[in-house]
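Presented below is the structure to which this report refers.
Bear in mind that the values in this text are calculations on the coordinates, not laboratory data. In this text, all values refer to a predicted model and were calculated from it rather than measured experimentally. Backbone-built Cβ (ideal geometry, glycine too); neighbour counts: all protein chains shown.
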Amino acid sequence: MQLPIYLDHAATTPVRPEVIEAMMPYFTEAYGNPSTLYSVGMSAREAVEDAREAIAETLNATPEEIVFTSGGTEANNSAIRGIAEYAGKGHLITTNFEHHAVLDPMEKLEHEGFALTVLPVDREGMVTAQQVADAIRPDTILVSVMHANNEIGTIQPIAEIGALCRERGIVFHTDAVQTFGKLPLDVREQKIDLLSISGHKLYAPKGVGALYVRRGTRLSRFMEGGQQEKGRRGGTLNVPGIVGLGKATLIAREEMASEATRLTALREIFLSQLLSAIPDLKVNGSRTHRLPYNLNLCFPGVEGESVLLALDAMGICAAAGSACTTGSVKPSHVLTAIGLSSDEARSALRLTLGKSTDGGAVEYAAEQIRQIVQGLRSLGQRKQPASV
Ligand SMILES: *Cc1c(COP(=O)(O)O)cnc(C)c1O
């Protein structure tokens, strides 16, 4: 068995060798600035345009509708601030279990004078189109609902929400960082106006991503500066990163269906092994509307962080909350959004599968988790004999 066993693919993924290979020439011989006219720059520009086309095709968008960014966080911030700043005033709608890269700009805009409705998700971690419909006001300018949640993996009814927003003439943004290249997306069919993606969740490098902007959507510039990206975002393009994202997109598209089937089956095996060893564990989030590669569990009576450290010692990488909030003492806002108490939220563990995960890895991890949870529980009982 090769260690470490990496079960944190929702936090980031390794760059695939084919992706590195595709990127290499753009560090060396094709190093030109893609905005220049001589041939060293031209070949960089062509590579960027190929990547743009690969992403556009995967979304059923046109290449002109893809704007490259530094990642998912920038895509989310640019979408939300871009719409709000262009409109100048109005009402925004989102949910209480979004990534902080959506929630925080929304809350900042509220402080700046915009009206904000934050919809609650239910105990399964789902929001409905009806909730969105009920929240819409005459001055609503933007609805942002993520496609799949990064902690509990629940998949939201974005096509229904998109149809509703289109009907009312409201811009609809979705953070699809966890689903792009993993689940089918069709921005025309799903009536999406803005969609965020990130390279490093998709076996491409960190620090590159994109925002799909439907033609005709009016938003302010992402970044003041040069005229790159049709004037939407100033700044010299991250050519190797963009090439990597394009390559990773093409591979992901090819493998999407088979990987989804494979990972769903592996996840179910993993879960049944864990359930038979630790009968009182609880699955967080919907069992059916769920990302193929996501498991999020509560182990009543133990701290997720303690399980995490013990797992690390055994060569297994997992997560307690999301990686972005690790180190904060507050329990995960996603887990409290689905109604977990602070203690329950602190007993959670997120296990996210990916390309390198196979049956052996899952079996080893399930056995280690069983031993660790049993060990921590007997320790806890010795220390606090009165508590259950
Ligand atoms: C990782 C992640 C982001 C942030 O993307 P970066 O490229 O790391 O900035 C945003 N939203 C979701 C759902 C994520 O999982």
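Subtracting the Cα-Cα distance of residue 3 and residue 37 from 0.36 nm times their residue separation leaves 7.4 nm of extension gain. Using only the alpha-carbon atoms, how far is helix 359-383 inclined from the longest principal axis of the chain? Give it as 0 to 90 degrees, nearest 10. The helix 359-383 is inclined about 50 degrees to the chain. Computed about its Cα centre, the charge dipole of the range 257-348 is approximately 280 debye, with only Lys, Arg, Asp and Glu carrying charge at their Cβ. In sequence order, the range 26-43 has phi-based couplings of 7, 8, 10, 5, 9, 7, x, 6, x, 8, 9, 9, 6, 5, 4, x, 4, 5 Hz under the Karplus curve 6.51 cos²θ - 1.76 cosθ + 1.60, θ = phi - 60°, and Gly or Pro positions carry x. For residue 114, neighbours were defined as the other residues whose beta-carbon sits under 11 Å from its Cβ, and their charges (Lys and Arg +1, Asp and Glu -1) total -2. Amide H to amide H distances under 5 Å link residue 69 with 209, 210, 211, where only residues 5 or more positions off or on other chains count and H is placed in the peptide plane.
The packing ranking of peptides 62-72, 283-293, 343-353, 15-25, highest mean first, is 343-353, 62-72, 283-293, 15-25, where packing means the average number of other beta carbon atoms within 10 angstrom of each residue. Under 5 Å between amide hydrogens, built in the peptide plane, is the criterion, and for residue 176 it picks out 147, 196 among residues at least 5 positions away or on other chains.
Evaluating 6.51 cos²θ - 1.76 cosθ + 1.60 at θ = phi - 60° for every residue in the range 270-287, the Karplus couplings come out as 4, 4, 5, 5, 5, 5, 6, 8, 10, x, 8, 6, 10, 8, 8, x, 5, 7 Hz, glycine and proline recorded as x.
Sequentially through the range 242-250, phi angles give Karplus couplings (6.51, -1.76, 1.60; θ = phi - 60°) of 5, 4, x, 5, x, 5, 4, 5, 4 Hz, Gly and Pro residues having no value and appearing as x. In plain terms, the chain from residue 223 to residue 255 could stretch by 8.1 nm, reckoned as 0.36 nm per residue minus the Cα-Cα distance.
One chain, two ends: residue 27 and residue 312. Fully extended at 0.36 nm per residue, the span grows by 99.1 nm beyond their Cα-Cα distance. Calculated mean residue ellipticity at 222 nm for the chain: -13000 deg cm²/dmol, from DSSP H runs with n ≥ 4 weighted as -39500 (n - 2.57), summed, divided by the residue count and rounded to 500.
Taken along the Cα-to-beta-carbon direction at a fixed 7 Å, the label points for residue 124 and residue 342 span 3.0 nm. Rounded to the nearest 10 degrees, the inclination of helix 100-111 to the longest alpha-carbon principal axis of the chain is 70 degrees.
Distance between the C-alpha centres of the range 92-148 and the range 190-258: 23 Å, rounded to the whole angstrom.
Springs between Cα atoms under 10 Å define the GNM used for the chain, and in it the highest mean-square fluctuation of 185, 202, 275 occurs at 275. Less than 5 angstrom separates the built amide H of residue 223 from those of 234, all sequence-distant by 5 or more or on a different chain. Which residue, chosen from 28, 162, 373, occupies the Cα position most advanced towards the positive end of the dipole of the chain, where the dipole is computed from +1 (Lys, Arg) and -1 (Asp, Glu) charges on Cβ about the Cα centre? Positive-end residue among those listed: 373. Relative to the Cα centre, the charge distribution of the chain, modelled as +1 at Lys and Arg Cβ and -1 at Asp and Glu Cβ, gives a dipole magnitude of about 380 debye.
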